[in-house]
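First the structure, in the form of structure tokens, and then the observations on it.
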Amino acid sequence: MKQQHDLVQGTSEWDQFRLEHFGASEAAAMLGLSKKTTRNELLRMKKTGIAKTFSDWLQVNVLDHGHEVEAMARPHIEKLIGEELYPVTCSDGKESASCDGLSMDDRIAMEHKQWNETLAAIVAAGQVPDEHMPQCQQVLKVTGAEKLIFVVSDGTPDKMVYVWVFPSPEWFERLRAGWAQFEEDLAAYVPPEVVAEPVGRTPESLPALRIEVTGMVTASNLAQYREHALAVFAGINRDLKTDQDFANADKTVKWCGEVESRLAAAKQHALSQTESIDVLFKTIDDITAEARSTRLELDKLVKARKEARRGEIVAGGVKALTDHVAALNTRLGKPYMPSISADFGGAIKGLRTFDSMQNAVDTALSNAKIAASAAADRIQINLGTLRELAADHVFLFPDTAQIVQKAPEDLTSLVKTRIAEHDEKERVKAEEQRAKIAAEERAKAEAAVRAEQEAERQRIATEQVAQAAAAAAPAPVAAPAAALAPAAAAPVASPAPAPTVIAMPPRAQPAASVVPTLSIGAINEHLKVAGVSTTAEGLRVIGFEPAGRERAAPRYHETDLSHMLAAIVAHVQSIQAKQAA
């Protein structure tokens, strides 16, 4: 929640407030965009509470003068925008902003910078440099203002340019994530030992070499000189790590060259006094050779270690980023994190000191960590969405590791679409299954009706056969008249009823595709109620040839059954007629 604070710049209360809050004027340094303060310097100041010191000249001529120019410019800006402005310090959580001006209704904020030709030209073109944009956006974020007027002036209307800056959600998120990572780094930060700017030092100076020659060496401390010189050379540091070590090594390389030159000069001086003194020259040559060897060795070592040290700094950044991504994967539960890259090599390109290289790598590392954390937060949101919306449809998302990289709104849409498509397919499948079952039930019902009709036809045919058989039986023979009792004559048998013959429709020829399935056994099942049976030969006699065979057994068409029964009845009747004649 936004708060306003009644503070006076320069007081102990002001210093304590700045120490406990992340100020808008520090945002550029936090993001590694400041040309005046590095991110590592800001970490050190926040950790130790020791603010960056300014010279008296800078304080008087830049900082104090800046406040004066700002106060001179404010009335002109108020006239320009038609609003009264007042300086105020605000905070929202740990983020703070010292506004050069804020309107009474908090809608308009002002940020003022002293006149600078380069900066003024950029602002006149309608732009705000990246170095100043973080401060403007944090002022808007903390105050909640609708817009900010960014002014560059010398306090007069003649030298005054401005540009309007509006709130940017992207910048707001960048600031939030940046300060979150900064606070995390601050908690783990250990301030390095503060040392003066490295100045190279040579090893211990060698004693002055004294040689006097009068045809022979009359006086010399060369032996002692040699012993001392070799000890000094042996003690030169070759384990180069810090900027101080490299500065010392660079200076020592030059010093070794100077030793070589002085020894050569001493040798030449001795030569001018005598023709040849082997021991003297040999000793001088030995020392010269050692100085030269040390110089060449150290020169190569300096170059090699400089390159190696650059690699160590870059490797440290790579490892720290790898560890951060691994920790995020642990938080997520599975290795969902995408590849997070950082150009650590490019960050140190062109830098000369190892302190500046370390700051560049640390700043690039911070930005990469911010990007990685943002990706992890997005994945965490997406995993929550999957758990909420797709708990019963996990099988639809075998590509979870890929889709959780999407923007949350895109993933939500994808999840809903896949589930809707799956449910629609299941609905269609269920309808097709229901339709199939209904069709099967209809087919069964229709088959039952046909079976019932066929049973009725067969019943009628069976009755006809029975009637034909009864009609074919011989009539009973009457007893002789003499054998009959006079009072009780035998009853006269009633004549057998004439068989009922149902006219059959013409026999239709079944289609070629219809498979014959009627067997001799099935036909005899219908005939057995009449006490008769038939065979394939019997059927052939009345005009029915097999329509097909199954394992050599003859098969007939079901549709011919009624015709067969009728033909059998007709055949029996014809036999009866012949017997009667």
- Task: Scan the stretch 372-398 residue by residue and report those that are under 11 Å from the mean Cα position of the chain (by Cα) and assigned to a loop (DSSP other than H, G, I, E, B).
- Result: none
- Note on the structure: Considering residues that are hydrophobic (A, V, I, L, M, F, W, C), within 30 Å of Asp245 (Cβ to Cβ) and crowded, with 20+ Cβ neighbours inside 10 Å, the number found within the stretch 322-370 is 11
- Item | The listed residue being assigned to a helix (DSSP H, G or I), modelled with pLDDT under 85, under 30 Å from Ala347 (Cβ atoms) and β-branched (Val, Ile, Thr), out of Val325, Val302, Val314, Val279 | Val302
- Considering Ala364, Ala430, which residue is of a type in the set (A, V, I, L, M) and either in the same structural domain as Trp171 (by TED's automatic domain parsing) or in contact (Cβ under 8 Å) with a residue 60 or more places away in the chain (or both)? Ala364
- Task: Return a yes/no flag: does the stretch 444-451 have any residue that is surrounded by 13 or more Cβ atoms within 10 Å (Cβ to Cβ) and either β-branched (Val, Ile, Thr) or not assigned by TED's automatic domain parsing to the domain that holds Asn524 (or both).
- Result: no
- Query: Given Thr89, Thr143, which one is buried (at least 20 other Cβ atoms within 10 Å of the Cβ), out of contact with any helix residue (DSSP H, G or I) (no Cβ under 8 Å at 6 or more places or on another chain), closer than 16 Å to Ala24 by Cα and in contact (Cβ under 8 Å) with a residue 40 or more places away in the chain?
  - Reply: Thr143
- When (1) at pLDDT 95 or above; (2) surrounded by fewer than 17 Cβ atoms within 10 Å (Cβ to Cβ); (3) within 19 Å of Ala28 (Cα to Cα) are applied to Arg176, the one that fails is (1)
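For (1) charged (D, E, K, R); (2) farther than 18 Å from Pro335 by Cβ, each residue gets a yes or a no:
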residue	(1), (2)
Thr385	no, yes
Gln402	no, no
Glu409	yes, yes
Val415	no, yes
- Note on the structure: Only one of (1) assigned to a helix (DSSP H, G or I); (2) in contact (Cβ under 8 Å) with a residue 60 or more places away in the chain does not apply to Ala443, and that is (2)
- From Lys369, Lys406, Lys349, which residue is of a type outside the set (Asp, Glu), closer than 30 Å to Ala315 by Cα and assigned to a loop (DSSP other than H, G, I, E, B)? Lys349
- Note on the structure: Within the stretch 532-565, restricting to residues that are charged (D, E, K, R) and not in a helix (DSSP H, G or I), the one that is nearest to Arg507 (Cα to Cα) is Glu545
- Task: Kindly establish whether Thr252 is modelled with pLDDT of 80 or more and of a type in the set (Val, Ile, Thr).
- Result: yes
- Of everything in the stretch 529-558 that's modelled with pLDDT under 85 and β-branched (Val, Ile, Thr), which residue is surrounded by the most Cβ atoms within 10 Å (Cβ to Cβ)? Val532
- Message: I'm checking my understanding of the structure. Among residues of the stretch 11-23 that are of a type outside the set (Asp, Glu) and surrounded by 12 or more Cβ atoms within 10 Å (Cβ to Cβ), which one is farthest from Cys136 (Cα to Cα)?
- Response: Gln16
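Anything in the stretch 83-129 that is among the hydroxyl-bearing types (Ser, Thr, Tyr) and either touching a Gly at 6+ places or on another chain (Cβ under 7 Å) or more than 25 Å from Phe22 (Cβ to Cβ) (or both)? List them, or say none.
If the condition is that a residue be among the hydroxyl-bearing types (Ser, Thr, Tyr) and either touching a Gly at 6+ places or on another chain (Cβ under 7 Å) or more than 25 Å from Phe22 (Cβ to Cβ) (or both), then Tyr86, Ser96, Ser98, Thr118 are the ones that fit.
The values are calculated or read from the model by the stated rules, or taken from the named source; none is laboratory data. These numbers come from a predicted model, not from an experiment. Every residue, glycine as well, gets a Cβ built from its backbone with ideal geometry; the counts of neighbours run over all protein chains shown.
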